[in-house]
Amino acid sequence: MIKSTAWLMAQAMLLGAACVPAHAQSEFLGERFPYTAFDRLPATPITAGDATLNVAFAPGEFALPRSALFNWLETSAKAVSVYFGTFPVSSARILIVPVAGRGVQSGTTFGYRGAAIRLVVGRDVTEAELRNDWKAVHEMTHLALPDVREPHLWLAEGIAVYVEPIARVEAGDLTAAKIWGDMVRDMKQGLPRPGDRGLDRTPTWGRTYWGGAMFCLLADIEMRKQTGNRVGLQQALRGILAAGGNHEQDWPVARIFTVADKATGTTVLTDLYAKMRATPMAPDLDELWREGSPCPGAR
Ligand SMILES: [Zn+2]
């Protein structure tokens with residue numbers, strides 16, 4: 001998720017905090033990233049390749065030792081680094097906010113005053129929940145795309161949804177069979193519904209997350225077709241980063257597509273965007289799956 005966090009305030013109020021005064025948490029759960037408050041917290045640096053992640057905790061304790069949370073962040077950062085060939089930014093602030101309950105509850109990524117991620121985590125989160133979590137990888141994947149305007153959030157979310165499981169497979173954290181099955185099951189949620197318009201004009205949950213992921217899938221398959229399976233979306237996205245396009249930058253989507261297309265020697269993204277931006281497009285997903293999946297190891 002990127003920046004749409006108004007509900008987090010309500011969540012913080014509803015869940016309350018058993019040991020920590022609510023006001024101590026609310027400072028860290030606003031709509032924007034609390035850069036000033038973060039910088040007052042003691043931060044622990046962890047490394048991801050050449051990058052440094054400065055990790056700080058909002059008030060509150062976890063049942064698990066903090067080392068378990070650091071391991072989770074390191075594993076997540078490694079998956080993202082494997083996919084992109086490098087961690088997307090040279091440094092990032094990572095804020096962990098403990099709240100009542102279990103699991104990794106939500107994440108949000110920011111870039112306007114330096115790359116930053118907030119992860120809201122239940123105080124009773126278990127090792128298994130951290131091992132199975134996808135949200136940290138999803139958020140870190142957002143760091144690899146320039147910030148885009150509201151009508152194009154489907155691109156940011158679609159890339160994060162599509163890349164996250166593939167990155168975890170490439171890092172050895174998930175099996176290809178598992179993500180292949182999940183994608184076949186979930187991708188149809190991105191198909192246009194009656195009355196939907198193109199991706200730039202239909203800001204529903206399904207079209208934003210899975211419509212965006214479907215755009216990525218179609219682009220990936222088409223790039224592979226046109227290049228004899230030499231390159232795909234991974235090379236396109238690495239091209240954006242290589243040109244300096246990370247989440248600390250504001251780029252128009254046309255520039256993102258031009259730069260990414262140049263990296264693959266195709267015009268696949270620019271062409272597909274022209275087809276899908278204003279018009280609902282419903283590909284035959286069954287046919288696509290029959291043709292073959294771009295998932296690593298799933299062919
Ligand atoms: Zn997201």
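The values are calculated or read from the model by the stated rules, or taken from the named source; none is laboratory data. On a predicted model such as this, the values are computed, not experimentally measured, just so you know. Note that each Cβ is placed from the backbone with ideal geometry, even for glycine, and that neighbours are counted across all protein chains shown.
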Revision key, fill the gap. In segment 243-272, residues that are within 23 Å of Met140 (Cα to Cα) and basic (Lys, Arg) total 1
Review point. On the given criteria, is Glu74 acidic (Asp, Glu), touching a residue at least 40 places away in the same chain (Cβ under 8 Å) and touching a strand residue (DSSP E or B) at 6+ places or on another chain (Cβ under 7 Å)?
Key: no
Study note, to complete from the structure: Restricted to segment 150-209 and to residues being among the polar types (S, T, N, Q) and within 21 Å of Ala282 (Cβ to Cβ), the residue nearest to the ligand (Cβ to nearest atom) is Thr208
Practice item. Name the strands (runs of 3 or more DSSP E) wholly inside segment 14-114 in which the number of residues that are β-branched (Val, Ile, Thr) is 3 or more. Key: 43-48, 91-99, 104-110
Practice item. Would you confirm whether any residue within segment 100-107 is outside the structural domain of Gly245 (by TED's automatic domain parsing), surrounded by 23 or more Cβ atoms within 10 Å (Cβ to Cβ) and under 30 Å from Gly239 (Cβ atoms)? Key: yes
Exercise for review: Taking Ala243 as meeting all but one of (1) more than 17 Å from Leu145 (Cα to Cα); (2) surrounded by fewer than 20 Cβ atoms within 10 Å (Cβ to Cβ); (3) modelled with pLDDT of 95 or more, write down the number of the exception.
Suggested key: (1)
Check your understanding: Could you say whether any residue in segment 88-105 is among the hydroxyl-bearing types (Ser, Thr, Tyr) and away from the ligand (no atom under 16 Å from the Cβ)?
Key -> yes
Practice item. Return yes when Val137 is within 16 Å of the ligand (Cβ to nearest atom), in the same structural domain as Leu285 (by TED's automatic domain parsing), assigned to a helix (DSSP H, G or I) and within 11 Å of the chain's Cα centre (by Cα) and no when it is not. Key: no
